[in-house]
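Readers should treat all values here as calculations from the given coordinates under stated rules, not as data from a laboratory. The shown structure was predicted, so the numbers you read here are calculated from the model rather than taken from an experiment. Because the Cβ atoms are built from the backbone with ideal geometry, glycine has one as well, and the counts that use them run over all protein chains shown.
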Amino acid sequence: MKVGIAGAGLLGRLLGWQLQRRGHQVTLFDAGDELATDSAAYVAAAMLAPYSEAVTSGAELFGVGKQAVSQWRELLQQLSESSAHAVTLNDSGSVVIAHELDRANLQHFSQKLRAAVGDDSSIKTLDRAGIAELESELPIRFSQGLWLAGEGCLDNRALLRALHDVLQAGGAELRWHCPVSRVEAGKLNTPAGTESFDWAIDCRGLGAKTDWPEVRGVRGEILWVRAPEVQLGRPVRLMHPRYHLYITPKPGDIYVVGATEIESESQAPVTVRSQLELLSALYSVHSGFAEAQIVGSYARCRPSLPDNLPQVQVSDGLLRLNGLYRHGYLLAPTVVESAINALDGDVTGTFVQNALTVTS
Ligand SMILES: Cc1cc2nc3c(=O)[nH]c(=O)nc-3n(C[C@H](O)[C@H](O)[C@H](O)COP(=O)(O)OP(=O)(O)OC[C@H]3O[C@@H](n4cnc5c(N)ncnc54)[C@H](O)[C@@H]3O)c2cc1C
């Protein structure tokens, strides 16, 4: 089939690649560039954190998200077989800590977590020695924590590059700096005119708002720092009364530090207040961050629907994927699988809303 996809961020690229693997002819249109610098996917920490997220999101999300690490392992294996890229997947879990004064916040988090997911063997309580064993550089003052062994993170920028290269090598048509103003059944409207496809697919994230008014943006501010003096092996979360800071390691001594969450669609630069709060919390975890260089500070909107869960809407000739909110990397493999099944006529997948015309 001839498939036109509007939006080549996380969902557009992943879906496009999987459709290409199945023999479909894929054309991708994006308002931005081939690195996806305008997307939420580009700035994200790309943590796969079903446990931490279960505290605020429901059981459905936990059930799906729990499979994310193994789903990505398989996808990245396929990717390395069809391209020169090896994308790093860190599957060594995450560590949750709190300063002594904020112990109650850690205890409350632990209670809420167990209430949400039950007694799960992936949740391990840590004492001072246990923290030191996993993360030897965390200061000795952290005396209580959790190890969420079923969590991980991936190198998202390498992933976006690899998906671009594999799509290009496989013959997909890639149109950069080409905004799509409207996505209709079998049609994409671009500045050059209307193009027709067997299926038109909308993966524009917040850019889909013009056609799907329920889509909203949730602003997130995040910093990328280079810190050669720090060696953390896995994502670290700091429980704090006002914010939950996370520090996610990436290749090349990079740590991603985030993130704020604000009900706003502003993508204006990071504010002084947010930057101060993120950086002071960061420095309180490890003094080695004092000499870190800030290599990027970003504000982007997480594309979200009213219930903060994704939706795959399918109707004749039109597929719309959106609402990945703060769980894009966690849920993308399942959402993409549901979308592919829907194109094949199976509309029973997770998060699918079916509006196909029933023909007898
Ligand atoms: C600060 C921050 C931290 C995050 N951390 C995590 C995390 O740790 N773990 C996790 O699982 N998720 C995380 N996320 C969420 C994740 O990044 C998103 O859920 C995910 O990127 C959404 O994927 P998407 O493809 O729907 O949208 P995007 O990745 O935003 O891609 C949308 C694409 O559509 C393009 N586009 C927009 N309008 C148009 C148009 N009119 N025409 C053509 N193209 C258009 C854009 O240029 C973009 O490339 C984070 C998000 C933010 C902002």
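As a size descriptor, the averaged projected area of the C-alpha convex hull of the range 177-229 was calculated at 6.2 nm².
Look at the dipole of the range 1-138 built from charges on Cβ: of Ala8, Ser92, Gln20, the Cα furthest out on the positive end belongs to Gln20. The length gained by stretching the chain between Glu337 and Ile140 to full extension, at 0.36 nm per residue less their Cα-Cα distance, is 66.5 nm. Packing here is the average count of other Cβ atoms within 10 Å per residue, and on that basis the peptides 299-306, 133-140, highest first, run 299-306, 133-140.
Classify the range 128-168 as rounded, prolate or oblate, taking a ≥ b ≥ c as the square roots of the eigenvalues of its Cα gyration tensor: rounded when a/c is under 1.5, otherwise prolate if a/b is larger than b/c and oblate if not. Before the final figure, lay out each step's value.
Values: a/c = 5.68, a/b = 3.48, b/c = 1.63.
In terms of gyration-tensor shape, prolate.
The convex hull drawn around the Cα atoms of the range 1-83, when projected onto a plane and averaged over every direction, covers 6.7 nm².
Could you work out the local net charge near Thr248, counting Lys and Arg as +1, Asp and Glu as -1, over the other residues with Cβ closer than 11 Å to its Cβ? Charge balance near Thr248 sits at +1. A straight line joining the Cα centroids of the range 1-66 and the range 312-360 runs 13 Å.
For the range 186-274, a simple Cβ point-charge model (Lys and Arg +1, Asp and Glu -1, everything else neutral) yields a dipole of about 380 debye relative to the Cα centre. Restricting the calculation to alpha carbons of the range 271-360 gives Rg and Dmax of 20.1, 68 angstrom. When the charge dipole of the range 230-360 is built from unit charges on Cβ atoms (+1 for Lys and Arg, -1 for Asp and Glu) and taken about the Cα centre, the candidate among Ser284, Gln267, Val295 whose Cα reaches farthest toward its positive end is Ser284. Among rounded, prolate and oblate, which fits the range 35-86 when a ≥ b ≥ c are the square roots of the eigenvalues of its C-alpha gyration tensor, a/c under 1.5 means rounded, and a/b larger than b/c means prolate? Here the range 35-86 falls in the oblate category. Computed over the range 177-313, the alpha-carbon pair-distance distribution with 5 angstrom bins reads 2, 9, 16, 16, 14, 12, 10, 9, 7, 4, 2, 0, each value a whole percent.
Excluding Val347 itself, calculate the net charge of residues whose Cβ lies under 15 Å from the Cβ of Val347, where each Lys or Arg counts +1 and each Asp or Glu counts -1.
Numbers: positive: Arg320; negative: Asp316, Glu337, Asp344, Asp346.
Residues close to Val347 contribute a combined charge of -3.
Over the chain, what is the relative contact order in percent, taking alpha-carbon pairs closer than 8 angstrom and at least six residues apart?
Numbers: 787 pairs, mean separation 76.0, N = 360.
Answer for the chain is 21 percent.
The reciprocal of the average 1/r between distinct C-alpha atoms defines the Kirkwood hydrodynamic radius, which for the range 93-227 equals 19.9 Å.
For Ala292, what is the net charge nearby, where nearby means another residue's Cβ is under 12 Å from its Cβ and Lys, Arg count +1, Asp, Glu -1? The partial results should precede the final answer.
On the way: positive: Arg226; negative: Glu229, Asp253, Glu291.
Once positives and negatives cancel, what remains is -2.
Only alpha carbons enter this Debye calculation for the chain, each as an equal point scatterer, and the log10 of I(q)/I(0) it gives at q = 0.06 Å⁻¹ is -0.22.
Which one of Pro191, Ser70, Phe142 has its Cα pushed farthest toward the positive end of the charge dipole of the chain, where Lys and Arg give +1 and Asp and Glu give -1 at the Cβ? Looking along the dipole axis, the top candidate is Phe142. Only lysine pairs 8 or more places apart, or on different chains, with alpha-carbon atoms under 18 angstrom apart are counted in the chain, and they number 5. Entry note, the chain: the mean residue ellipticity at 222 nm calculated from DSSP H runs of n ≥ 4, each adding -39500 (n - 2.57), is -9000 deg cm²/dmol after division by the residues and rounding to the nearest 500.
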